[in-house]
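The values are calculated or read from the model by the stated rules, or taken from the named source; none is laboratory data. Here the structure is a predicted model, which is why all the values come from computation and not from measurement. Ideal geometry is used to build each Cβ from the backbone, glycine not excepted, and the neighbour counts take in all protein chains shown.
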Amino acid sequence: MPEHRATFARPIFASLGHMTLSRVALAGASATAAAAAAVLIRHEQTRRSTERFAAAALETLLNAIDANDPETGAHVRRVAAYALILGEAADLSEHECKSIERVALFHDIGKIHEALFDIVHDVETLTPADRRAIAKHPEVGAKVLEPLKRFYPDLADGVLSHHERWDGKGYPRGLKGRRIPLAARVVAVVDTFDALTHGRRYRDAQPNDVARQVLLDGRGTQFDPDFVDLFLFPPVFAKVLGAEREVVQWKPPVQKRRTGGEDDKVPDITFRWRPGRNGARGPQASDPMHQTAR
């Protein structure tokens, strides 16, 4: 009888041993999964913190433009407003519009370089040497923005290319047609319009009709013809004029202290650069992918 009980018990003990090993294996797998999850969480937190830092860096650069030259600060905000109108009219994607917005906001950052500042703000007519110096500002701006390429890969190249021409006779690389980055082609049109209608210290502002004719004369040679046609399309052009009045009323917002504890995703940052709630683009203000840097 004892032998019978012992024989009967062996499968039970074997089963219990198997269950114990299974629990140990399960516990080990759970610990591994938990460790992997912790690593992923830390990685995600680091990524978000780094992206917030990159967004803060751009916001700081924009503030530096304002502090150095309020006239240029107003100019880039008008150009950004017009560029967004043109991008949306062209039915570009949200990501493309955000890329265009950034290039527009920082296309002239190279002009705050000390070597160019006095030339840009001189009331006298520009000399050929002055013009050659100013022509360096796309390269200067691209170098300033190059360290942020990991987060905004299109930004430095767009700034570098905003004085390229559709016919290949622009600078600094002589790019032609669609080889010119999309954002640069958009900014080239709206930048020219704003530069003409608001003038410079060395050049008087021109009426809207004169600026329109300059764009038409440059259609297909200096500018992307499709973007010129769309920009001058009456409903789009009316929005541009409305945006101009809105940006004129813009005032720098009160800066909020960054706590570092926000959990926002900031791959496509919307800057506080235009009127409206937190500087956002209307209906997209609540989109977590496009929240204002804070």
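Residues are listed down the side, and each one gets a yes or a no for (1) part of a helix (DSSP H, G or I); (2) touching a Phe, Trp or Tyr at 6+ places or on another chain (Cβ under 7 Å); (3) at pLDDT 95 or above; (4) under 21 Å from Asp91 (Cα atoms):
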{"site": "Val144", "(1), (2), (3), (4)": "yes, no, no, no"}
{"site": "Asp157", "(1), (2), (3), (4)": "yes, no, yes, no"}
{"site": "Leu175", "(1), (2), (3), (4)": "no, no, yes, no"}
{"site": "Ala184", "(1), (2), (3), (4)": "yes, no, yes, yes"}
{"site": "Val187", "(1), (2), (3), (4)": "yes, no, yes, yes"}
{"site": "Asp191", "(1), (2), (3), (4)": "yes, no, yes, yes"}
{"site": "Ala205", "(1), (2), (3), (4)": "no, no, no, no"}
{"site": "Asp226", "(1), (2), (3), (4)": "yes, no, yes, yes"}
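The numbered conditions (1) loosely packed, with under 11 Cβ neighbours inside 10 Å; (2) assigned to a loop (DSSP other than H, G, I, E, B); (3) at pLDDT 55 or above; (4) of a type outside the set (Asp, Glu) are all true for Pro252 except (1). Scanning for something modelled with pLDDT of 75 or more and within 30 Å of Phe227 (Cα to Cα), does the range 26-33 turn up at least one residue? No.
Within the range 43-78, if we keep just the residues that are charged (D, E, K, R), out of contact with any helix residue (DSSP H, G or I) (no Cβ under 7 Å at 6 or more places or on another chain) and modelled with pLDDT of 70 or more, the residue that is nearest to Ala243 (Cα to Cα) turns out to be Glu71. Restricting the search to the range 155-199, which residues are of a type in the set (Phe, Trp, Tyr) and in contact (Cβ under 8 Å) with a residue 40 or more places away in the chain? Matches in the range 155-199: Trp166, Phe193. Any residue that is within 19 Å of Leu86 (Cβ to Cβ), touching a Pro at 6+ places or on another chain (Cβ under 9 Å), of a type outside the set (D, E, K, R) and buried (at least 20 other Cβ atoms within 10 Å of the Cβ) - is there at least one of those in the range 173-181? No; the residues of the range 173-181 include none that is within 19 Å of Leu86 (Cβ to Cβ), touching a Pro at 6+ places or on another chain (Cβ under 9 Å), of a type outside the set (D, E, K, R) and buried (at least 20 other Cβ atoms within 10 Å of the Cβ).
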